[in-house]
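Asks: The structure follows.
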Amino acid sequence: QLELVDSGGGLVQPGGSLRLSCEASGSRVDYYNIGWFRQAPGKEREAVSCISIGGDTYYALSVKGRFTISRDNSKNTFSLQMNSLKPADTAIYYCATFRWCHNRGTGSNDYWGQGTQVTVSS
């Protein structure tokens, strides 16, 4: 079945950028609504961004205008470009499937990766 592997996390200064990537195997990424959720210590899981099978996108209000999600079906990967990073973005980021994804919100996750740590600090 579907397996997802996250990569691209790291330590970056406020205002910097990171690009997260997710490689899928066992199925095609264009068969799923895909994206990322994140979780920081003491905080609830938060959907960050996703893109639907049909191309509709969702961005959490806190990241809108700073993050961009994309999908490369030919490589069976998807990415999250994160710009203008803030300390509040510090979390473990998990690429994942979403039961539904549109501008108004997201559904639950059925598959997700191992997570990659993003730390925004000076």
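Asks: Roughly how many percent of the accessible protein surface of the chain is carbon and sulfur, given a 1.4 Å probe and a whole-percent answer? If you can, show how the numbers build up before the last one.
Replies: Working: 2930 of 6290 Å².
Answer for the chain is 47 percent, counting heavy atoms of protein chains only.
Asks: Something else: Could you please report the charge total around G55, scoring K, R as +1 and D, E as -1 over all other residues with beta-carbon less than 11 angstrom from its beta-carbon? Don't jump to the answer; show the numbers that get you there.
Replies: Numbers: positive: R71; negative: D30, D56.
Local net charge: -1.
Asks: Roughly how many whole Å is it from the C-alpha centroid of the stretch 1-15 to that of the stretch 23-48?
Replies: 11 Å
Asks: Heavy-atom accessible area per residue, the stretch 15-122, 1.4 Å probe: how many Å²?
Replies: 50 Å²
Asks: Multiplying the sequence separation of T68 and T119 by 0.36 nm and subtracting their Cα-Cα distance, what value in nm do you get?
Replies: Additional length available on full extension: 16.5 nm.
Asks: Here is a follow-up. Local charge sum around E46 (other residues, Cβ-Cβ under 15 Å, Lys/Arg +1, Asp/Glu -1)?
Replies: Details: positive: R38, K43, R45, K64, R66, K86; negative: E44, D89.
Around E46, the surrounding residues sum to +4.
Asks: I've got another one for you. Hey, any idea what Rg/Rh is for the stretch 64-113, computing Rh the Kirkwood way over Cα pairs? Working shown, then result.
Replies: Working: Rg = 12.3 Å, Rh = 12.7 Å.
Rg/Rh: 0.97.
Asks: Give me the net charge of R66's neighbourhood, meaning all other residues with Cβ under 11 Å from the Cβ of R66; Lys, Arg count +1, Asp, Glu -1.
Replies: Local net charge: +1.
Asks: In straight Cα distance, which lysines are under 24 Å from K43, not counting same-chain residues fewer than 8 positions off?
Replies: Once the sequence-local lysines are set aside, what remains near K43 is K64, K86.
Asks: Quick check: residue separation of D110 and R28 times 0.36 nm, minus the Cα distance between them. What number comes out in nm?
Replies: 28.0 nm
Asks: Let me ask something else about it. In vacuo Debye scattering of the chain, one point per C-alpha: log10 I(q)/I(0) at q = 0.12, 0.13, 0.14, 0.22 Å⁻¹?
Replies: Values, matching the q order: -0.37, -0.44, -0.51, -1.28.
Asks: How high is the FRET efficiency from S84 to D56, r the C-beta distance, R0 22 Å, rounded to 0.05?
Replies: Efficiency computed from Cβ-Cβ geometry: 0.40.
Asks: Could you name the aspartates and glutamates in cross-link range of K75, using Cα to Cα under 15 Å and dropping any fewer than eight places away on the same chain?
Replies: Of all the aspartates and glutamates, those that pass the test against K75 - Cα under 15 Å, at least 8 places apart if same chain - are E3, D6, E23, D30.
Asks: Another question about this same structure. Tell me, what is the percent relative contact order of the chain, built from C-alpha pairs under 8 Å that lie six or more residues apart?
Replies: On the way: 325 pairs, mean separation 43.5, N = 122.
Once divided by the residue count of the chain, the mean separation gives 36 percent.
The values are calculated or read from the model by the stated rules, or taken from the named source; none is laboratory data. The model shown is predicted, which means the values in this text are computed figures rather than measured ones. Using ideal geometry, Cβ is built from the backbone for each residue, glycine included, and neighbour counts are taken over all protein chains shown. All accessible areas refer to the heavy atoms of the entire protein, side chains included, with ligands and DNA or RNA removed. Shrake-Rupley method; radii C 1.70, N 1.55, O 1.52, S 1.80 Å.
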